[in-house]
Amino acid sequence: MNTAFRLFWMFLKIGLLSIGGGYAIIPLIQEQVVKRSGSISPKMFTDIITISQMTPGPLAVNTATFVGIQIGGIVGAVAATLGCVLCGVIICLFLHRFFQKHKESSYVFEVLKGLKSASLGLIISAAVTIISIAFWGTQALEIKNVISLMNWTALAVFSIMLLVLRKWKLNPVLVMLISGMAGLVLYL
């Protein structure tokens, strides 16, 4: 199957199932491109998520674009991005009409509450994945290896930047720039 079509189809399915936005879609993308197809390594995927967060635009679209470029070049990036957003656009148009018609329904309100809970679970899953790869270098972590595999430098940078964010309310962009410079100094 053509790489561009494969990327389009993969991200079309991901886009169809991505309820909850950017962070909720990360585990779906990871499942497809890291675990199932093996097209991208876990480390590369973490790097893609990091870059996607720093670039302007929605996280899911940026991630799809960067994954597409890694697997299929510019054509792959376009195919993955179109696949990622197409279902969302169609579903949004449908939902707009639906909610205009049923905006007073208590059943619709309860369904939305359930979807919020599912989205929260997906976001927590994405956070755990990113943290485990950043601090331990792997997603499949065993309890007995937690201390021995810990990247203490990454934990220190994370802790300091979290403290700076919480205590002095520094601009997050500035915190990312400082973290990136710390990474250059500490890891090169």
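Tabulated data
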| item | result |
| --- | --- |
| Residue 40 being part of a loop (DSSP other than H, G, I, E, B), surrounded by 15 or more Cβ atoms within 10 Å (Cβ to Cβ) and among the β-branched types (Val, Ile, Thr) | yes |
| Selection within the range 54-66 - in a helix (DSSP H, G or I) and either without any contact (Cβ under 8 Å) to a residue 60 or more places away in the chain or touching a His at 6+ places or on another chain (Cβ under 9 Å) (or both) | 59, 60, 61, 62, 63, 64, 65, 66 |
| One residue from 139, 70 being under 24 Å from the mean Cα position of the chain (by Cα), buried (at least 16 other Cβ atoms within 10 Å of the Cβ) and in a helix (DSSP H, G or I) | 70 |
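Yes/no per residue for (1) assigned to a loop (DSSP other than H, G, I, E, B); (2) within 21 Å of the chain's Cα centre (by Cα); (3) surrounded by 13 or more Cβ atoms within 10 Å (Cβ to Cβ):
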site	(1), (2), (3)
135	no, yes, yes
148	yes, no, no
163	no, no, no
173	no, yes, no
178	no, no, yes
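Read-outs: derived from the displayed coordinates by stated rules, not from any lab. Keep in mind the model is a prediction, meaning the values are calculated, not measured. Note that we place each Cβ from the backbone using ideal geometry, even for glycine, and neighbour counts take in every protein chain shown.
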